[in-house]
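The values are calculated or read from the model by the stated rules, or taken from the named source; none is laboratory data. This is a predicted model, so every value here is computed, not measured. Note that we place each Cβ from the backbone using ideal geometry, even for glycine, and neighbour counts take in every protein chain shown. Accessible surface is based on the protein model in full, side chains and every heavy atom, while ligands, DNA and RNA are left aside. Shrake-Rupley method; radii C 1.70, N 1.55, O 1.52, S 1.80 Å.
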Amino acid sequence: IREELNIRLENEGIQSLQNQLEKLDSDSFNSISTDNPRRLIRALEVCLSSGKPYSYFKNQPKEKRLFETEYAGIDWPRETLYKRINERCEQMLTNGLLKEVESLYDFKHLNACQTVGYQEFFEYFDGNCSLDQAIEKFKQHTRNYAKRQITWFKKLDGVKWLQPSELE
């Protein structure tokens, strides 16, 4: 279904898919970002495969968990964290990340390959940047991702923030 929807997106444009979702599930059409092809296709995929509106699944009551979740974060100084991220990126390259990405090149269009560490090197293999530029983008995007994670955790109540010295 996803493949067919992607082909329609290419051939007919996003408007065709938006019209279909509006007919199948007006609630989802009004609540998701229909300008985002991935979200639009995902909503249509659910509607077409299940026979039920995407909004039906989104509006189901969440099951009560039989446990409580606890969150812990490590409160690294920003400079130390970024240094550690850069070192980890270098270690990943030494351990064969570039070969891994190259072996996945034919699958670069799949969602699983739209991640930090793959996208930057697909750009390199496409000839859109140098290897040094791809490596710097990889490090920068990894640092950006870490910053987004920290921001997300700081919005949560009850996170236990640990100092790096407490881990030794």
Residue 137 being part of a helix (DSSP H, G or I), open to solvent by 70 Å² or more (accessible area, probe 1.4 Å) and at pLDDT 95 or above: yes
Going through the range 134-143 one residue at a time, which ones are in contact (Cβ under 8 Å) with a residue 24 or more places away in the chain and more than 17 Å from residue 80 (Cβ to Cβ)? 135, 138, 141
From the list 10, 90, 79, which one is open to solvent by 70 Å² or more (accessible area, probe 1.4 Å), assigned to a helix (DSSP H, G or I) and in contact with a helix residue (DSSP H, G or I) (Cβ under 9 Å, 6 or more places away or on another chain)? 90
Looking only at the range 140-168, how many residues end up being farther than 17 Å from residue 93 by Cα and part of a helix (DSSP H, G or I)? 16
With respect to the numbered conditions (1) hydrophobic (A, V, I, L, M, F, W, C); (2) free of Cβ contacts under 8 Å to residues at least 60 places away in the same chain; (3) touching a strand residue (DSSP E or B) at 6+ places or on another chain (Cβ under 9 Å), which one is the sole condition not fulfilled by residue 81? (2)
What about residue 57, is it open to solvent by less than 100 Å² (accessible area, probe 1.4 Å) and at pLDDT 95 or above? no
Would you check if there is a residue in the range 50-73 being more than 21 Å from the chain's Cα centre (by Cα), within 27 Å of residue 167 (Cα to Cα) and outside any loop (DSSP other than H, G, I, E, B)? yes
Could you run through the range 29-54 and say how many residues are among the aliphatic types (A, V, I, L, M) and open to solvent by 70 Å² or more (accessible area, probe 1.4 Å)? 1
If you go through the range 118-130 one residue at a time, do you hit one that is open to solvent by 60 Å² or more (accessible area, probe 1.4 Å), modelled with pLDDT of 95 or more and within 18 Å of residue 80 (Cα to Cα)? no
Take residue 121 and tell me if it is assigned to a helix (DSSP H, G or I), closer than 30 Å to residue 28 by Cβ and of a type outside the set (Ser, Thr, Tyr). no
